[in-house]
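Chemist: Supplied in structure tokens, the structure appears directly below.
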Amino acid sequence: DSLKNSPQLEGFKSRGLEVLFFTDTIDDFWLQHAAEYEGKKFKSVTKGNIDLTQYDADKDEDASEEEKAEKTKADESLKPLIETIKKTLEEQVEDVIISNRLTDSPVCLVAPEHGVDMHMERVLKIHQKYSGSTKPVLEINKNHSLIKMIGLNEDFSNESEVAELSLLLLDQAKIIQGEPIHDPAGFV
């Protein structure tokens, strides 16, 4: 149930795409040697930036130039907010990006494209005394009401509030992912 309700799956579910659940520890090791099946490449939904727009029924090809420009303008308007979140969380995350996999949740954590998968890292730490630490990528859902509400003022007068909310969002993403949070008392 935890995997089925994972924020990383929202974009796949909303597009009717099938996802295989690999729940055994050995699966992470097996997948390193079996990269595809019947011409279909395996790709972790918890790792890297996945482009799901190719599966959208209303693709951008059908969008007018005006709609495309409006979308680009909306993404550009989020840049100051994203930069503030990045600056706040720079010690804890590798990057902060706009997600195309989220539909209902405000944020989620994924492993960087060329980093160790978060589940694999957890397994290695437990069984192999792995000491590496891959910073995750925080993906934000630009269409979520919480992200829209966080908006950064043009004069940056609410930057400290945005920083505080950024930490809260990161901790929520960690809890959903099953990761420990840095400061439980601060979170509460």
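The values are calculated or read from the model by the stated rules, or taken from the named source; none is laboratory data. Predicted model only: the values in this text are computed from it and were never measured. Every residue, glycine as well, gets a Cβ built from its backbone with ideal geometry; the counts of neighbours run over all protein chains shown. Protein only, heavy atoms only, side chains kept; ligands, DNA and RNA dropped before computing areas. Shrake-Rupley method; radii C 1.70, N 1.55, O 1.52, S 1.80 Å.
Chemist: Compute the accessible area per residue over the chain, keeping the other protein chains in place, probe 1.4 Å, unit Å².
Modeler: So the chain comes to 65 Å² accessible per residue, rounded to a whole number.
Chemist: Name the residue, out of E76, E154, E38, whose mean-square fluctuation peaks in a Gaussian network model built on the chain with Cα pairs under 10 Å.
Modeler: Evaluated over the chain, the most mobile residue of the options is E38.
Chemist: If you don't mind, there's one more thing I want to ask. Tell me the net charge near C108. Cut-off is 9 Å between Cβ atoms, C108 excluded, with +1 for each Lys or Arg and -1 for each Asp or Glu. It would help to have the intermediate numbers written out before the result.
Modeler: Values: positive: R101; negative: E10, E139.
In short, -1.
Chemist: Taking only C-alpha pairs under 8 Å that are 6+ residues apart, what is the relative contact order of region 71-188 in percent?
Modeler: 30 percent
Chemist: So, taking all protein chains as they sit and a 1.4 Å probe, how much accessible area belongs to T72, in Å² rounded to tens?
Modeler: 80 Å²
Chemist: Kindly rank 133-143, 116-126 from highest to lowest mean number of other beta carbons found within 10 Å of each residue.
Modeler: 133-143, 116-126
Chemist: Please give every one of the lysines within straight-line cross-link reach of K71, meaning a C-alpha to C-alpha distance under 26 Å, and leave out same-chain neighbours fewer than 8 residues apart.
Modeler: Cross-link targets: K13, K47, K59, K79, K86, K87, K142, K148.
Chemist: Around S14, with a cut-off of 12 angstrom between Cβ atoms, what is the net charge of the other residues, counting Lys and Arg +1 and Asp and Glu -1?
Modeler: Working: positive: K13, R15, R101; negative: E10, D56, D104.
That sum, taken over residues with Cβ under 12 Å, equals 0.
Chemist: If you don't mind, there's one more thing I want to ask. Report the FRET efficiency, 1/(1 + (r/R0)^6), for I26 and K135, where r is their Cβ-Cβ distance and R0 is 25 Å, rounded to 0.05.
Modeler: The calculated FRET efficiency here is 0.45.
Chemist: What order, most packed first, do the peptides 107-113, 15-21, 91-97 have when packing is the mean number of other Cβ atoms within 10 Å of each residue?
Modeler: 107-113, 91-97, 15-21
Chemist: Heavy atoms only, probe 1.4 Å: what % of the accessible area of the chain goes to carbon and sulfur, would you let me know?
Modeler: 51 percent
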